[in-house]
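Following: one structure in structure tokens, then a few remarks.
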Amino acid sequence: MTDRRALLAALAAAAAATLLPRRVHASGTGVRPPGALPPGQFEEACIGCFRCAEVCPPKAIRFPSALSLDAVHPFIAARQTACVLCMKCTLVCPTDALAPVAAQPAAIASSVRMGVPLLKRDACLPWSGRGLCRLCYYVCPYAGTAVELVGPRLAPLFHPEACVGCGLCEEACPDEANAIRIRSPAEVAEARG
Amino acid sequence: MSEVQSTPRRGTRSAAAGSARARLQPVDIVLRRARWFQWVRRASLALSLLVVVGLPLWQLRVAGAASGGLSAGGGWSWLAAALGLPPVPPPAVGAPAAVSLFGLELLDPLLTLGVAITHGLRGSLLLVALPALVLVAVLGRFFCGWVCPYVPLLAASNALRWVLGRFGFKPLDVRLPRRTSLVVLVAVLGATAVLGTQVAPLVYPPSIIGREAFRAIFFGSFGAGALVLGAAFAVDSFVSRAGFCRSLCPGGALFSLLSTASPIRVKRDASRCTDCTVCDVVCNLGQKPMSDRLDAGCERCGKCVSACPTGALALGVRAPAVEKT
């Protein structure tokens, strides 16, 4: 009955493993899909099953290709493809690393915080006086609250507390400006120190 | 308790004097010399591959239809379009390591355990994990022989070993003890606990294959997971026959542990056995049916049963041997 003994030993080892001190807390800095648990907790719960990415209509959810501890965690590179806030990914997660969110503007606005936009004003066309762009304002699902146009040049002013972080503004920002970048909550926390 | 008293079969269990066993007679699933049984297993493996490749393709088609053909190109979307799949969401999502099949969640026990260690048994995790655990408890380590999408690669590596042998380069066959996989399992789970993130999906082939197939189909590229797969293939091809599956895979180790109570076993009728060793040779996982030395590492593939020329082997269902000391 060595198998039974081995089973007991493995269960004991698993129990002991939960008590091991967690010195490192691996958390990537990528922008996670909507409904994701806070940084750190998401990396604990995500098993890299890619179901969220598989059901994503615009194919916005990707996986890092390098071999690292972050390789199994989905991220959104909004500059290439932004999230369209359909919330399909939140419904298929087996471990609730992504919690279900109803696909309604109010529900999304209250519970989704994928990241916050960082605007480089010297690169932004209206702010630097190079043009009347306003693309970010036009693509924003929460235009008026998450972003408003200010001043005589109608330059964008972001309000991170009302922004869900979908990254449609980052995707739409013209290549010659490339002034907007969505920063994940982990990155914001890191920058804060 | 009043079990049906079935007649003893051909004296395979001669005078099982134990009380529990005497009441619950073993039943044979008679597959003596049945080749068709292996075709059923191959069909199951093919279905598994169909899930791995077909679901991402189908989702590409759905995405393409939703965007009116304006975007969702790239990867193998041309193939998805050529196949003419219906542009409605498929009835399943995921890959064999974590699949939702017609609403039924099948989550690999290794992945469940990893999340339980780092994140705790929160929410519906136990509920999601239960169907797979029940399957393993009853069917044993069947996943490795019937579902794992690594099996085609293993078959390719065995074919490569055969070809190399024909050309006079006999590959090594180092026989590490199966216990080594337990060490790997404990190491993976320990690393998971210390690092606070999931390590198993980085090294566990079913998980890697699903993710890499998805990446190839959606984006037309490969990730570093392909290197891990390549390493496993190299070990199986040049160092040890099925060495990765038998003595390195953490998932296989966990399946073996969970299947100790499985009632499905390979049984031998000693009066028919001619000691020809065919069964020992066909087994990928180093089991020894000819001398009745099978342990929880048996993947219930039934290759030995189908290969036995005299029909001495059968898959049997019996009560767990609790009375054995």
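The values are calculated or read from the model by the stated rules, or taken from the named source; none is laboratory data. It should be emphasised that the depicted structure is a prediction, and the values quoted were computed from it without experimental measurement. We place every Cβ from the backbone using ideal geometry, glycine too, and count neighbours over all the protein chains shown. For the accessible areas, the whole protein counts, side chains as well, though only heavy atoms, and no ligand, DNA or RNA atoms are used. Shrake-Rupley method; radii C 1.70, N 1.55, O 1.52, S 1.80 Å.
Observations
- Taking residues in the stretch B:167-186 that are surrounded by fewer than 15 Cβ atoms within 10 Å (Cβ to Cβ), and partners anywhere that are of a type in the set (S, T, N, Q) and not in a helix (DSSP H, G or I), the pairs with Cβ atoms closer than 6 Å and at least 6 places apart or on different chains are B:ASP173/B:SER240; B:VAL174/B:SER240.
- Search result, residues across the stretch A:112-142 that are buried (at least 16 other Cβ atoms within 10 Å of the Cβ) and part of a helix (DSSP H, G or I): A:LEU135, A:CYS136, A:TYR137, A:VAL139
- Subset of the stretch A:26-59 [within 8 Å of chain B (Cβ to nearest Cβ), open to solvent by 40 Å² or more (accessible area, probe 1.4 Å) and assigned to a loop (DSSP other than H, G, I, E, B)]: A:SER27
- Any hit, the stretch B:156-173, residues being within 13 Å of chain A (Cβ to nearest Cβ) and part of a helix (DSSP H, G or I): no
- Some residue of the stretch A:158-173 being open to solvent by 20 Å² or more (accessible area, probe 1.4 Å), in a loop (DSSP other than H, G, I, E, B) and without any contact (Cβ under 8 Å) to a residue 40 or more places away in the chain: yes
- Hey, B:PRO131 surrounded by fewer than 20 Cβ atoms within 10 Å (Cβ to Cβ) and either touching a residue at least 40 places away in the same chain (Cβ under 8 Å) or within 14 Å of B:GLY54 (Cα to Cα) (or both) or not: no
- Unmet criterion (only one of (1) in a helix (DSSP H, G or I); (2) modelled with pLDDT of 55 or more) for B:ALA20: (2)
- Taking the stretch B:230-242 as the range and being surrounded by fewer than 24 Cβ atoms within 10 Å (Cβ to Cβ) and part of a helix (DSSP H, G or I) as the test, the residues that pass are B:GLY230, B:ALA231, B:ALA232, B:PHE233, B:ALA234, B:VAL235, B:SER237, B:PHE238, B:VAL239.
- Condition check for B:PHE218: open to solvent by less than 10 Å² (accessible area, probe 1.4 Å), within 11 Å of chain A (Cβ to nearest Cβ) and either touching a residue at least 24 places away in the same chain (Cβ under 8 Å) or over 26 Å from A:ARG62 (Cα atoms) (or both): yes
- Exactly one residue among B:ALA321, B:ALA296, B:ALA307 is at pLDDT 90 or above and either surrounded by fewer than 21 Cβ atoms within 10 Å (Cβ to Cβ) or within 13 Å of chain A (Cβ to nearest Cβ) (or both), and that residue is B:ALA307.
- Options B:SER271, B:SER256, B:SER247; residue that is of a type outside the set (Val, Ile, Thr) and surrounded by fewer than 22 Cβ atoms within 10 Å (Cβ to Cβ): B:SER271
- Of the residues making up the stretch B:187-206, those that are within 7 Å of chain A (Cβ to nearest Cβ) and either open to solvent by 10 Å² or more (accessible area, probe 1.4 Å) or not in a helix (DSSP H, G or I) (or both) number 8.
- Those residues of the stretch A:83-107 which are touching a Phe, Trp or Tyr at 6+ places or on another chain (Cβ under 9 Å) and buried (at least 18 other Cβ atoms within 10 Å of the Cβ), in sequence order: A:ALA97, A:LEU98
- Meets criteria (among the charged types (D, E, K, R) and over 19 Å from the mean Cα position of the chain (by Cα)) for B:ARG141: no
- Selection status of A:PRO152, open to solvent by 60 Å² or more (accessible area, probe 1.4 Å), closer than 21 Å to A:LEU85 by Cα and in a loop (DSSP other than H, G, I, E, B): no
- Here the stretch A:60-82 is the region considered, the condition is being in contact with a Leu (Cβ under 8 Å, 6 or more places away or on another chain) and over 16 Å from A:SER184 (Cα atoms), and the residue that is most open to solvent (accessible area, probe 1.4 Å) is A:LEU67.
- Residues of the stretch A:138-150 that are in contact with a Leu (Cβ under 9 Å, 6 or more places away or on another chain), in contact (Cβ under 8 Å) with a residue 24 or more places away in the chain and not hydrophobic (A, V, I, L, M, F, W, C): A:PRO141 alone.
- Of the candidates A:ALA78, A:ALA107, A:ALA82, the single residue that is over 15 Å from the mean Cα position of the chain (by Cα), not in a strand (DSSP E or B) and not aromatic (Phe, Trp, Tyr) is A:ALA107.
- Total residues in the stretch B:88-127 satisfying the condition of being open to solvent by less than 60 Å² (accessible area, probe 1.4 Å), at pLDDT 90 or above and part of a loop (DSSP other than H, G, I, E, B): the figure is 4.
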